[in-house]
Structure formats: structure tokens, C-alpha cells
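Below is one structure, written out as C-alpha cells; comments come after it.
The values are calculated or read from the model by the stated rules, or taken from the named source; none is laboratory data. Since the structure is predicted, the reported quantities are computational estimates derived from the model, not experimental observations. A quick note on method: Cβ atoms are made from the backbone with ideal geometry, for glycine too, and the neighbour counts reach across all protein chains shown.
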Amino acid sequence: MSTLTLDHVTYTYKNAQKAAVLGISCSFEAGKVYAIVGPSGSGKSTLLSLLAGLDLPTDGTVAFDGKSLAGLDLDRYRRESISMIFQAFHLFPLLTVMENVCFPMELCGIAPKDAKPRAADLLEGVGITKEQMSRFPSKLSGGERQRVAIARSLASNAKIILGDEPTGNLDGANTQNIIEILCSLAHEKGYCVIIVTHDMEVAEAADVALRMRDGELRAVQ
Ligand SMILES: Nc1ncnc2c1ncn2[C@@H]1O[C@H](COP(=O)(O)OP(=O)(O)O)[C@@H](O)[C@H]1O
Ligand SMILES: [Mg+2]
């Protein structure tokens, strides 16, 4: 089953001379990790925002499980179907690690007594200890914070993970750890993982490597 399908997708920012994303047709499937590489300004972040439903294409369609995003409730699509991982983590500094992971579940109406054990499972799954769960994010290393951000992004049950440089700022060992987590989510749990990266280690570990250039997307040979 194809999860996200792009059909001749073009996006041009208002007042821009040329398209940031140009005529992209491709499919992103469940169970695979995709890495997108390419120079700065080539349209990678714009493409991610189209996949996330933050913007609609100016031409062409992005479809989720066969339905055009243009016809979906986009707030709901973003909340239920997409999780995003950013380089800068975006953890809430005044909430503990546990509270950070519970927060999106509570937004979805899950009672705290149900959210907590699920958050603990997710955090354990990314190697965060019980003791670390009660700390504030500032009391964790960069790699630990990134793993918390991943656990939090999994809390929503969304099966599409979009990452904009999720391993930027991490050292080799932590990058490896994140790659393993993302690959096992795709291969064992059927997530569709799409990551923009500068990191060749990440691109090589992906099932499919793609390169963006001047708004166009090509397979890396
Ligand atoms: N909000 C915006 N308004 C106008 N142009 C933009 C905007 N955001 C990005 N662009 C332009 O779109 C192109 C692609 O940008 P972007 O998707 O951020 O590339 P990348 O993530 O690969 O660095 C660039 O030429 C950039 O200057
Ligand atoms: Mg970018």
C-alpha cells in the first residue's frame, strides 16, 4: 500500500521567480525509510511541508492513502497521521521528560492515567531510564533529548514520520542509535519514515535515497 503519493507536485512561493518544488511524481510507502539529500535551497523543507499538509501544492496533488490532501481536514491529518522530528527537538523546557511525551496524548483526549504507562513504554523503547523520565530536558545530553523527541513523536500513533535533519547536532554513536530506531519502526512496525539529511551515514542506511536539486527529486544511483 502506498502511503503518500505525489502527482506532478509543484509549489511556488508568492512573488517567487521560480518554483521551489517542481513537477515531482513519486510514492512513499509504508515499511520503508527514505532519505532526501540535496544542497541548501533545493526545496527539501518545502517538500516536507507539502507532505505534512502545512501547505497545499500550487499544482498537482499530494494524496494520503489515495485521498488528496486538498479534500482532507488538514488539522486532523497533521494531528493523527503525521509526526515531525526537528533538529532543534522542540521539547518543552518546563515539563519533565515524562510530561513532554504525555502532552500530545493528552491533547488527543487520552486520560493521564492511560498516557503515563504508554509514555513510559515509548521512552523505554528509545533507551531512556525511569530516573531520566523525571528530569527536565536541560538535564539530558543532546542525544538523550533527541531520543525523547522521537518517543514524543511516536505518542500520537501517526504512521508517517517526517524528519528535517533529525540527526543534525548528534555525534556518530547517537546518529547510529536514531537510525536504528527509525529503521526498526519502518521495518518492524510499518511506519513510513521520510528524512531530510546532510548525513551520508543516514542516507546510506535508508531503504531509498533521493536527491533534490532545483526543486526536482531523483533517485540516487
Ligand atoms: N517562505 C518563503 N518565501 C519565499 N521563498 C521561499 C520561502 N521559503 C523558502 N523559499 C525558497 O524556496 C527555495 C527552496 O527552499 P527550501 O525548501 O527551504 O530548501 P532546502 O530545505 O532544501 O534548503 C529556496 O529558493 C528558498 O529561498
Ligand atoms: Mg531546509
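Among the residues of the stretch 40-64, those identified as more than 16 Å from ligand 2 (Cβ to nearest atom), over 14 Å from the mean Cα position of the chain (by Cα) and either at pLDDT below 95 or among the small types (G, A, S) (or both) are G60, A63.
Give me a count of the residues in the stretch 158-205 that are of a type outside the set (D, E, K, R) and away from ligand 1 (no atom under 16 Å from the Cβ). Break it down into steps so the answer makes sense when it comes.
Filtering the stretch 158-205 down to residues of a type outside the set (D, E, K, R) leaves 158, 160-163, 166-170, 172-179, 181-187, 190-198, 200, 202-203, 205.
Next, only the ones that are away from ligand 1 (no atom under 16 Å from the Cβ) stay: 158, 160-161, 169-170, 172-179, 181-187, 190-193, 200, 205.
So the answer is 26.
Here E80 passes the criteria (1) away from ligand 2 (no atom under 16 Å from the Cβ); (2) in contact with a helix residue (DSSP H, G or I) (Cβ under 9 Å, 6 or more places away or on another chain); (3) part of a helix (DSSP H, G or I) except the one numbered (2).
Output the number of residues of the stretch 108-124 satisfying the condition of being assigned to a helix (DSSP H, G or I), within 29 Å of D75 (Cα to Cα) and free of Cβ contacts under 8 Å to residues at least 12 places away in the same chain.
Taking the stretch 108-124 as the starting set, the residues that turn out to be assigned to a helix (DSSP H, G or I) are 112-124.
In the following step, the residues that additionally are within 29 Å of D75 (Cα to Cα) were identified as 112-123.
Right, trim to free of Cβ contacts under 8 Å to residues at least 12 places away in the same chain and you get 112-114, 117, 121.
Selection size over the stretch 108-124: 5.
Listed by position, the strands (runs of 3 or more DSSP E) contained in the stretch 1-60 that have at least 3 residues being crowded, with 19+ Cβ neighbours inside 10 Å, more than 8 Å from ligand 1 (Cβ to nearest atom) and among the aliphatic types (A, V, I, L, M) are 2-11, 33-37. Taking the stretch 88-107 as the range and being assigned to a loop (DSSP other than H, G, I, E, B), buried (at least 16 other Cβ atoms within 10 Å of the Cβ) and of a type in the set (A, V, I, L, M) as the test, only L91 passes. One residue stands out among those in the stretch 52-81 that are among the aliphatic types (A, V, I, L, M) and in contact with a Leu (Cβ under 6 Å, 6 or more places away or on another chain): the one that is nearest to L22 (Cα to Cα), which is V62. Of the numbered criteria (1) out of contact with any Phe, Trp or Tyr (no Cβ under 9 Å at 6 or more places or on another chain); (2) of a type outside the set (S, T, Y); (3) assigned to a helix (DSSP H, G or I), the one I85 fails is (3). Take A70 and decide whether it is assigned to a helix (DSSP H, G or I), farther than 19 Å from I161 by Cα and in contact with a strand residue (DSSP E or B) (Cβ under 8 Å, 6 or more places away or on another chain). Taking the combined requirement at face value, the residue satisfies it.
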